[in-house]
Amino acid sequence: MVSELINANPIVYEKKERRARSVPTAVEEYVVEPIDQQEVFDILSLQLFWYGLCTFKSTYYRGISKLFLLLLLLFSLTFLNHVRDIKDPEHPYSLEELKVITEDAIEVDDQQSYVRITFTPTVEHCSMATIIGLCLRVKLLRSLPSRYKVDIRVAPGSHASESAVNKQLNDKERVAAALENPNLVDMVDECLAPSYD
Amino acid sequence: MEFHEGACELKLLQTLDGHTDRVWSLAWNPATGTAETPLVFASCSGDKTVRIWEQNPSLSSSSSSYSSWNCKAVLEDTHTRTVRSCSWSPSGKLLAVASFDATTSIWENVGGDFECVSTLEGHENEVKSVSWNAAGTLLATCGRDKSVWIWEAQPGNEFECVSVLQGHSQDVKMVLWHPTLDVLFSCSYDNTVKVWADDDDDWQCVQTLGEPNNGHSSTVWALSFNKTGDKMVTCSDDLTLKIWEMDSTSMQSADGYAPWRHLCTITGYHDRTIFSVHWSSEGIIASGAADDAIRFFVEDKDGLVDGPSYKLLLKEEKAHGMDINSVQWSPGEKRLLASASDDGTVKIWELASLCTGNGY
């Protein structure tokens with residue numbers, strides 16, 4: 001069952017220096033703040049045992065093995081501010097550190113209520129791209145105001161079947177159907193569950 | 001009939017709440033909207049239900065600017081997943097309902113109560129669209145399993161599958177029968193529209209309208225015919241609408257099938273996926289899209305030099321708070337349009353002429 005790692009030695013990058021967020025005063029708390037790039041990035045920052053995920057070539061197209069689901073428990077998606085200080089020697093890398101998502105790859109236009117996420121699978125054939133994209137979409141669906149339009153895509157040149165992955169990630173009927181599949185929903189929920197401190 | 005930009009306005013008559021999830025689709029009962037029968041339509045939703053809405057007859061005749069709509073019935077506890085689409089039989093007696101739970105249910109209106117009289121099983125997974133032919137004798141369904149099924153209505157509300165059509169390489173988004181001929185059209189995630197015809201009880205694909213014949217370059221979500229059925233409009237994730245024409249010169253050919261050809265492309269208007277398009281009996285094309293806008297197009301009679309073209313008549317930005325999944329013109333006299341959205345509402349609009357008495 002366990003095949004060799006697709007990406008046994010991922011390149012790990014330094015986390016970007018965070019700019020300080022001002023602590024809102026009592027009055028400011030009720031002011032509607034525009035949503036910016038950093039906020040969306042924080043929503044999406046992922047703690048993930050990335051190369052572990054890419055170990056298994058079984059994908060949800062072929063059905064989900066229990067072992068695969070167990071691995072997905074390790075895949076967690078949460079706010080960076082919760083994640084960044086967690087020290088878990090077994091799951092050391094966040095999506096940020098692997099440059100799967102960088103702040104620069106998030107385009108936000110609050111005026112137009114538009115977000116575009118461009119993520120970079122670490123290996124060209126990573127079969128997890130559609131799952132990660134689905135998790136990103138669900139996280140944003142749950143976090144952003146409903147007026148937002150969200151496009152999610154893999155970075156140009158980063159995936160062997162780039163256009164097919166992009167098309168599937170942005171077909172809302174397929175997303176809706178996927179989110180009625182209990183196995184997939186469990187998986188996404190596990191991915192999105194807040195990390196324990 | 002001539003329509004000019006600025007000569008019409010879109011008036012919101014009512015916003016209908018009730019669904020607790022996105023509204024995917026709606027269908028007007030074609031046998032309503034007469035003097036005796038108030039307008040009725042069905043809407044279906046991610047909340048797994050179908051709602052039947054009826055116009056209040058006492059108010060509809062007296063005033064064009066105000067009408068009241070009520071939910072007359074909720075069809076629930078039958079489908080276990082999203083109800084994706086619904087279609088009335090031509091007589092308006094039966095409603096076919098397609099669901100992601102892989103089944104299609106048939107409902108009969110018995111004195112105002114709706115009873116599920118039949119369930120069609122066979123698709124492997126999500127059923128996405130259902131359509132009756134003009135005579136009400138055939139039903140077509142399609143779904144994620146890439147197949148199109150044709151069912152024949154038998155006495156006693158039985159439905160027998162007469163053909164399973166394979167041909168699309170991806171999930172099939174919508175099926176629609178031609179308004180007068182027993183020719184079936186299907187559109188798909190594989191970017192094509194396929195035309196299916198019956199050759200001596202053997203249904204087969206007689207034409208594929210794809211990118212090589214000026215077709216769409218991404219998912220084709222919906223299609224609609226003009227009143228006479230010699231033109232068709234398709235809408236797509238490629239942000240365009242395309243007009244197709246039946247080649248009338250070969251209409252007299254022996255096999256009875258007239259091929260379709262691309263006439264023109266309406267491009268540069270919607271900036272997100274166009275999910276729905278509907279051609280009114282007066283020739284006005286309405287489109288609803290993921291940009292939350294409804295747009296209306298009419299044939300541009302001035303532009304015949306460069307071939308047929310269509311112009312924007314009117315656009316309604318922010319018609320809904322979220323994606324618009326379906327736009328449908330009502331039967332009957334009034335120029336009413338219903339739109340269904342991810343925001344969980346259905347809105348009833350009237351496309352009104354600004355100047356009265358000018359011959360509309």
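The values are calculated or read from the model by the stated rules, or taken from the named source; none is laboratory data. Quantities reported herein were computed from a predicted structural model and do not represent experimental measurements. With ideal geometry, Cβ positions are generated from the backbone for all residues, glycine too; neighbour counts draw on all protein chains shown.
Of the residues that make up the stretch A:182-190, is at least one away from chain B (no Cβ under 12 Å), at pLDDT below 90, at positive phi and more than 16 Å from the chain's Cα centre (by Cα)?
No; the residues of the stretch A:182-190 include none that is away from chain B (no Cβ under 12 Å), at pLDDT below 90, at positive phi and more than 16 Å from the chain's Cα centre (by Cα).
For the structure I just gave you, tell me whether residue A:107 is assigned to a strand (DSSP E or B), out of contact with any Phe, Trp or Tyr (no Cβ under 6 Å at 6 or more places or on another chain) and either at pLDDT below 90 or within 14 Å of chain B (Cβ to nearest Cβ) (or both).
Working: assigned to a strand (DSSP E or B): yes; out of contact with any Phe, Trp or Tyr (no Cβ under 6 Å at 6 or more places or on another chain): yes; either at pLDDT below 90 or within 14 Å of chain B (Cβ to nearest Cβ) (or both): yes.
Yes.
Would you mind stating whether residue B:272 is out of contact with any Ser or Thr (no Cβ under 7 Å at 6 or more places or on another chain) and assigned to a loop (DSSP other than H, G, I, E, B)? Break it down stepwise before answering.
On the way: out of contact with any Ser or Thr (no Cβ under 7 Å at 6 or more places or on another chain): yes; assigned to a loop (DSSP other than H, G, I, E, B): yes.
Answer is yes for this residue.
Here are some residues: A:139, A:167. Which one is crowded, with 17+ Cβ neighbours inside 10 Å and within 10 Å of another protein chain (Cβ to nearest Cβ)? Working first, answer last.
Details: A:139 fails: within 10 Å of another protein chain (Cβ to nearest Cβ).
After ruling out the rest, the residue left standing is A:167.
Which residues, taken from the stretch B:306-324, are of a type outside the set (A, V, I, L, M, F, W, C) and out of contact with any Gly (no Cβ under 7 Å at 6 or more places or on another chain)? Outline the logic, then answer.
Of the residues in the stretch B:306-324, the ones of a type outside the set (A, V, I, L, M, F, W, C) are B:306-311, B:315-318, B:320-321, B:323.
Passing the criteria: B:306, B:307, B:308, B:310, B:311, B:315, B:316, B:317, B:318, B:320, B:321, B:323.
Pairs needed: first member in the stretch B:181-204, surrounded by fewer than 18 Cβ atoms within 10 Å (Cβ to Cβ); second member anywhere, polar (S, T, N, Q) and assigned to a loop (DSSP other than H, G, I, E, B); C-beta distance under 7 Å; at least 6 residues apart or different chains.
Taking only residues 6 or more apart or on different chains, the pairs are B:182/B:133.
Being among the aliphatic types (A, V, I, L, M) and in a helix (DSSP H, G or I) is the filter here, so list the residues in the stretch A:148-189 that pass it. Before the answer, list the steps.
Step one: filter the stretch A:148-189 for residues among the aliphatic types (A, V, I, L, M), giving A:150, A:152, A:154-155, A:160, A:164-165, A:169, A:175-179, A:184-185, A:187-188.
Across the stretch A:148-189, the qualifying residues are A:164, A:165, A:169, A:175, A:176, A:177, A:178, A:184, A:185, A:187, A:188.
Among the residues of the stretch B:170-207, write down those that are farther than 14 Å from residue B:146 by Cα and part of a loop (DSSP other than H, G, I, E, B).
Residues satisfying the conditions are B:178, B:179, B:180, B:181, B:182, B:199, B:200, B:201, B:202.
Check whether at least one residue in the stretch B:292-307 is touching a residue at least 40 places away in the same chain (Cβ under 8 Å), of a type in the set (Gly, Ala, Ser) and outside any loop (DSSP other than H, G, I, E, B), and report yes or no.
No.
If only one of B:46, B:112, B:92, B:143 is within 14 Å of another protein chain (Cβ to nearest Cβ), under 30 Å from residue B:11 (Cβ atoms) and either out of contact with any Gly (no Cβ under 6 Å at 6 or more places or on another chain) or surrounded by fewer than 20 Cβ atoms within 10 Å (Cβ to Cβ) (or both), which one is it?
Working: B:112 fails: within 14 Å of another protein chain (Cβ to nearest Cβ); B:92 fails: within 14 Å of another protein chain (Cβ to nearest Cβ); B:143 fails: under 30 Å from residue B:11 (Cβ atoms).
Unique residue meeting the criteria: B:46.
What are the residues in the stretch B:144-160 that are under 23 Å from the mean Cα position of the chain (by Cα) and not aromatic (Phe, Trp, Tyr), if any? Can you show your working first?
Going through the stretch B:144-160, the residues under 23 Å from the mean Cα position of the chain (by Cα) turn out to be B:144-153, B:159.
If the condition is that a residue be under 23 Å from the mean Cα position of the chain (by Cα) and not aromatic (Phe, Trp, Tyr), then B:144, B:145, B:146, B:147, B:148, B:150, B:152, B:153 are the ones that fit.
Among the candidates B:118, B:87, single out the residue that is part of a strand (DSSP E or B), within 27 Å of residue B:348 (Cβ to Cβ) and not charged (D, E, K, R).
Values: B:118 fails: within 27 Å of residue B:348 (Cβ to Cβ).
Unique residue meeting the criteria: B:87.
Show the residue pairs meeting these rules: Cβ distance below 8 Å; 6+ apart or different chains; first residue within the stretch B:136-148 and farther than 18 Å from residue B:183 by Cβ; second residue assigned to a loop (DSSP other than H, G, I, E, B) and aliphatic (A, V, I, L, M).
Close Cβ pairs (under 8 Å, with a partner that is assigned to a loop (DSSP other than H, G, I, E, B) and aliphatic (A, V, I, L, M)) amount to B:143/B:102.
Can you find even one residue in the stretch B:235-248 that is small (Gly, Ala, Ser) and within 14 Å of chain A (Cβ to nearest Cβ)? Spell out the reasoning first.
Going residue by residue through the stretch B:235-248, those that are small (Gly, Ala, Ser) are B:236, B:248.
Now narrow it down to the ones that are within 14 Å of chain A (Cβ to nearest Cβ): B:236.
Within the stretch B:235-248 (the criterion being small (Gly, Ala, Ser) and within 14 Å of chain A (Cβ to nearest Cβ)), the answer is yes, since at least one residue qualifies.
If you check residue B:67 against the conditions, is it surrounded by 14 or more Cβ atoms within 10 Å (Cβ to Cβ), outside any strand (DSSP E or B), away from chain A (no Cβ under 14 Å) and at pLDDT below 95? First the steps, then the outcome.
On the way: surrounded by 14 or more Cβ atoms within 10 Å (Cβ to Cβ): yes; outside any strand (DSSP E or B): yes; away from chain A (no Cβ under 14 Å): yes; at pLDDT below 95: yes.
It is true that residue B:67 is surrounded by 14 or more Cβ atoms within 10 Å (Cβ to Cβ), outside any strand (DSSP E or B), away from chain A (no Cβ under 14 Å) and at pLDDT below 95.
State the number of residues belonging to the stretch B:286-326 that are over 17 Å from residue B:9 (Cβ atoms) and either within 14 Å of chain A (Cβ to nearest Cβ) or of a type in the set (A, V, I, L, M, F, W, C) (or both).
14
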